[in-house]
Amino acid sequence: MNFIYVGSARPEYMNKELLKMGSNVNFAGNTLQEALIDGFSSNLKSFKIITSWSISPFPKVKKLLFRRKELNVYGDNKCVYVGVLNLPIINLVSKFLRTRRELKKSLKKNDINKVFIYEVHTPFILAAITLRKKIEHINVIVPDLPQFMSTGGSRIHRFLKYIDQKIINYSLKKVDSYTLLSEPMMERLPKKKKWVLMEGIFKPTNVGEFIKEPYKTIMYTGGVQRRRGADLLVKAFKMIKNSNYRLWIRGNGDMEDEIRELSKIDSRIVYYEPMDRLELLKLESKATVMVNPTPPSLEFTRFFFPSKTMEYLASGTPTIMFRLGCMPPEYENHVFYVESESIEALKDKLIEVCEKSNEELSTFGEKAKNFILNEKSPAIQCRKILRLMGC
């Protein structure tokens, strides 16, 4: 069999280069893809990786042309970056044409071709379905539903998103199966497709042992956006008057400037600028608790799985979050849930957990860590996808 992975995976050094260029970087998405590649590598002799990483278009990033190049970054698996002409809208067309050309070259006439596509991304799915006759099975890995990935925008932006959704709906009818991060996603995808639930994967990274902060340190990483609950977290923390508490925040979004200003007023609040994943994992290991403040009342919370949850749990640092509709029952004993959606309830839970003994927190965090490492490893999760594809 001939296996091909199509996505936007990129090596860590490229993340740093993109940040220097001024591009937005989806660290969580890349972490998940690296775990997927690691998992497929554990189960397959070899496969080809075709990647076209997302870059903020001109003029945010001044560089216009990114050329094709072969990368030696994922073991024995051949990896090709297809490049892109980085102009708004044109970059999507460029990505489609270049991905299709590379995919066509990678298909073998006298073999069974099977393709994994990461993300419901129009250029990637179109590239595969336009070569449908040569591909036996197309599996789409769905980390998010596109209709929930952005909100608002100009009329032109909304119109283009509408057209894009129409193309996606048509294209998904031509694929064979889905890999989902939450079961309710099937409500919004074309029916009569095989699917498997893989709420996430965690690829272990050795960050060493770190002594916990002497303060009661609450940490949040992710989108610093009001719709994601960042304002809820900040308001809950401000209600805690104890000088022994700290709030660490790392992320991008519409509340960045506001949180920077708050950190000048309240020295207990620390906003961290962009850093690489290893540095971030070290901070997570030092915190008292991790928190995901995303409110459960938001519709999109049923149709995704917060990738940060696995990273939080695997850090060994206890995790606090609301009871989101996407969370499977097996996480019940590994997360501290906030039972009602209010600032007061979140504040009370933060204090309740932070005031537990170090021994109790360490034991709870270690059990959660072992749960992720033993049951959500790349090899185990990717084996589910391969079984679905008849491998």
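Solvent exposure of the stretch 102-245, expressed per residue, is 51 Å² of accessible area, with all protein chains present and a 1.4 angstrom probe. Here's the list of lysines a cross-link from Lys235 could span, going by alpha-carbon distance under 20 Å and ignoring same-chain residues fewer than 8 apart: Lys216, Lys264, Lys347, Lys349.
Expressed as a whole percent, the accessible area of the stretch 1-144 that falls on carbon and sulfur atoms is 54 (1.4 Å probe). Answer with one residue from Ser41, Leu361, Met255: the one whose Cα lies farthest towards the positive end of the charge dipole of the chain, charges on Cβ with Lys, Arg +1 and Asp, Glu -1. The Cα lying farthest towards the positive end belongs to Ser41. Highest mean packing comes first when the peptides 31-44, 75-88, 197-210 are listed by Cβ atoms within 10 Å, giving 31-44, 75-88, 197-210. Per residue, the chain reaches -12000 deg cm²/dmol at 222 nm when only DSSP H runs of four or more residues are counted, each adding -39500 (n - 2.57). Note on the stretch 76-193: percent of Cα-Cα distances in each 10 Å bin, starting at 0 and stopping at the bin with the largest distance, equals 12, 41, 35, 11, 1. The angle between the Cα long axis of helix 12-21 and the longest principal axis of the Cα atoms of the chain comes to about 80 degrees, rounded to the nearest 10. With respect to the chain, whose longest principal axis is taken over its alpha-carbon atoms, helix 155-172 is tilted by about 60°.
Rounded to the nearest 10 degrees, the angle from helix 27-43 to the longest Cα principal axis of the chain is 60 degrees. Within the set Lys191/Lys376; Lys108/Lys384; Lys78/Lys104; Lys45/Lys174; Lys48/Lys104, which residue pairs have Cα atoms separated by over 19 Å? Where the Cα-Cα span goes over 19 Å, the pairs concerned are Lys191/Lys376; Lys108/Lys384; Lys45/Lys174.
Relative to the Cα centre, the charge distribution of the stretch 255-391, modelled as +1 at Lys and Arg Cβ and -1 at Asp and Glu Cβ, gives a dipole magnitude of about 700 debye.
Its relative contact order, with pairs defined as Cα atoms under 8 Å and 6+ residues apart, puts the chain at 16 percent.
Remark: the stretch 121-252 carries a charge dipole of roughly 480 debye about the Cα centre, counting +1 on each Lys and Arg Cβ and -1 on each Asp and Glu Cβ.
The values are calculated or read from the model by the stated rules, or taken from the named source; none is laboratory data. Remember, it's a predicted structure, so these values are computed and weren't measured experimentally. A quick note on method: Cβ atoms are made from the backbone with ideal geometry, for glycine too, and the neighbour counts reach across all protein chains shown. Areas reflect the complete protein model, heavy atoms only, side chains present, ligands, DNA and RNA absent. Shrake-Rupley method; radii C 1.70, N 1.55, O 1.52, S 1.80 Å.
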